[in-house]
Number of protein chains: 2
Amino acid sequence: MNVNRIFAALASLPRRQIIAFLSQTALSTTDLAARFGTSAPAVSRHLSVLQHAGLVSAGRQGQRVMYRLNRDVLLGALAQFASEVDGPLRRAAQPARTPREAI
Amino acid sequence: MNVNRIFAALASLPRRQIIAFLSQTALSTTDLAARFGTSAPAVSRHLSVLQHAGLVSAGRQGQRVMYRLNRDVLLGALAQFASEVDGPLRRAAQPARTPREAI
DNA sequence: AATACGATTAACATTCATGTTAATAGTATG
DNA sequence: CATACTATTAACATGAATGTTAATCGTATT
């Protein structure tokens, strides 16, 4: 899991919006394009970036390619980054403390 | 706390590196510029972005301006984004309600 | 096989981000 | 007060990202 690549993927607002949509249900490229104002090719490239970062998975179903979110990867990356930032000082001071149970 | 602004700030690799440095200790602009290969003005603008996002705080000490990381803001934003992604489906799918400590 | 539909890639233009050097502002010190 | 040091802003150039339309590929349907 490449945290830098994942955060680079999360850099873009449209991609975070795509993730928000995919957090509810699996969607195809045109589904997402319809939910945005944008074109299918634009969505397709965003999905490609997300996929290479490991954040989404693609599965073809007939003509459509359905994308779904890899929650574990996303949450894992957030947790890792959080621990990198939270780590050095706090672990020295308070070994057992985690900021929040979710991450 | 503006999650979009925070993620936009986290988009940049140099800024995440700055955050990594500041997670260890407070540093001045030139301190950070020395740790990078980059110039002071470049660092200064990155720090400005981070500060407007609320991720770092500045405090002048004599000639120097010391920057330190606002861990709570950063970790809070990560937790909020995580809960947004983690939330909808899991709360709907899980028969037992997940306690919402959502921040 | 021919056509239609969905997805991706190519090519292009435009906008945004990053870094550099030069100039300006603020603070301390001789 | 003049000088030195730190930080920030201005102006500029360059590279990357995003979106558009047109073209290509894959799959299904008739």
Net dipole in debye of the range A:3-70 [+1 Lys, Arg Cβ; -1 Asp, Glu Cβ; about Cα centre; nearest 20]: 60
For the range B:1-68 and the range A:1-50, distance of Cα centres in Å: 28
Per-residue HN-Hα couplings for the range A:7-14 [Karplus 6.51, -1.76, 1.60; θ = phi - 60°; Hz; x = Gly/Pro]: 5, 4, 5, 6, 4, 8, 4, x
Diffusion constant of the range B:3-70 at 25 °C, which comes from Stokes-Einstein with the Kirkwood Cα-pair radius and 0.890 mPa s, µm²/s: 210
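No lab work stands behind these numbers, since they all come straight from the coordinates. Bear in mind that the values here come from a model prediction, so they are computed numbers and not experimental data. Neighbour counts are summed over all protein chains in view; Cβ atoms, including those assigned to glycine, are modelled from backbone coordinates with ideal geometry.
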